[in-house]
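Let me begin by presenting the structure, written as C-alpha cells, before commenting on it.
The values are calculated or read from the model by the stated rules, or taken from the named source; none is laboratory data. Just so we're clear, the structure is a prediction, and the values are computed from it rather than from any experiment. Don't worry about glycine lacking a Cβ; one is built from the backbone with ideal geometry, like all the others, and counts go over all protein chains shown. Heavy atoms of the whole protein, side chains included, go into the accessibility calculation; ligands, DNA and RNA do not. Shrake-Rupley method; radii C 1.70, N 1.55, O 1.52, S 1.80 Å.
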Amino acid sequence: MAKHFSISELRVILLEPSAAQNKLITAKLKLLGIGDIISFELASQALASLKIDNSPNLILSALYLKDMTGIDLLIQLRNNPDTQDIAFVLISSETQPKVLEPLRQLGACAIIPKPFTSENLDHALCVSLDYLSEDLTLDQDDLDLDMLRVLLVDDSKAARNYMKKVLENLGVRNIKEAANGHEGVQMLEESVFDLLITDYNMPEMDGKELIEFVRKNSWQSNIPILMVSSESDGGRLAAVTQAGVSGICDKPFEPSVVRGLLEKILRDQQP
C-alpha cells in the first residue's frame, strides 16, 4: 500500500554546531508539528546513530560541521543503500553556486538560506514530504504512467537515484538510466521511449548537445524532453529552449514542480 507521510511522522536528525541556531531551528520545527528531533554536533555521530536506528527520515544539516561538511555527509548517505533515500535539507548562509552545486547533484531536497523564515522551513518540509511519500499520482486519471517509458540521463548516480524515486512516487515504473549524453543517444537508437529527462552539465555530451541530436538526427525526434538542471546562466538556458526542450526544472528536483511539468508535457502530446 502506498505510503503518504504527514509532517507529524517526520523523524528528524538535526546537525547544527551553533547552540543558538540549534535551539532556534528546534523551536521552529516543533511549532510546525514535528516532535521527534534528535540533535548532534558531529556528522559522525549521526551516521553512527543511523547504523543502530534507521528510522529517521529527514536530516537537516549545516554546511560546515566540526568533523566534515554537509556535502561529505550527503555523499556518505547517498552511497549507502540503507540511507540513500533519507530526505536531506541544508541550512546555510553559503550562497556561492560553485559550493552548493554538489548538494544539488547529490539530491538535496532543499537548500534553506540563513537567516531563514518559517516559510523557508515550511516549504523545505513540504518538498521533503513529497519526496518521502509514495502516492504523488498525477491529477489526470487518463494518463497511464505505468506504461510510460522514461529515459533518465544524468552523470550523477545520486541524482538519478533521487529523480527515479520521485518518478516512482508519481507512478512511473518503466525507467531506464544513462550516465551521459552518448549513452543516452545509444539507448534512444535501440529502444522506444515516451519521455526523455536529462541534466544539462554532463561530460562527453551535455544536455544541450543531446537535445540537438535528438531533434535533428534521432528517429524519435518528437519525444518530449524535460531538462533538470542547476544551470543559472539565462543565455545557456535560452539556447536549450531554442534547441527544443519541452520543459525545464531546477535542481533541487521538487516533486510538485515535476508533477506539474509532467502533466503539461504529457497532456500536450495527446492527440
- Task: Could you tell me which residue of segment 29-57 is most open to solvent (accessible area, probe 1.4 Å), considering only residues that are farther than 25 Å from LEU100 by Cα and of a type in the set (Ser, Thr, Tyr)?
- Result: SER55
- Query: Within segment 41-56, can you find the residues that are in contact with a strand residue (DSSP E or B) (Cβ under 6 Å, 6 or more places away or on another chain) and either modelled with pLDDT under 95 or among the acidic types (Asp, Glu) (or both)?
  - Reply: SER55, PRO56
- Are there any pairs with C-beta distances below 6 angstrom linking a residue in segment 83-104 that is over 20 Å from ASP122 (Cβ atoms) to a residue that is surrounded by fewer than 18 Cβ atoms within 10 Å (Cβ to Cβ) and of a type in the set (A, V, I, L, M), with the two at least 6 apart or on different chains, and if so which? none
- On the given criteria, is ASP122 of a type outside the set (Val, Ile, Thr), assigned to a helix (DSSP H, G or I), in contact (Cβ under 8 Å) with a residue 40 or more places away in the chain and surrounded by fewer than 16 Cβ atoms within 10 Å (Cβ to Cβ)? yes
- Item | Positions within segment 58-74 being open to solvent by 20 Å² or more (accessible area, probe 1.4 Å) and either in a strand (DSSP E or B) or touching a residue at least 60 places away in the same chain (Cβ under 8 Å) (or both), in sequence order | TYR64, THR69
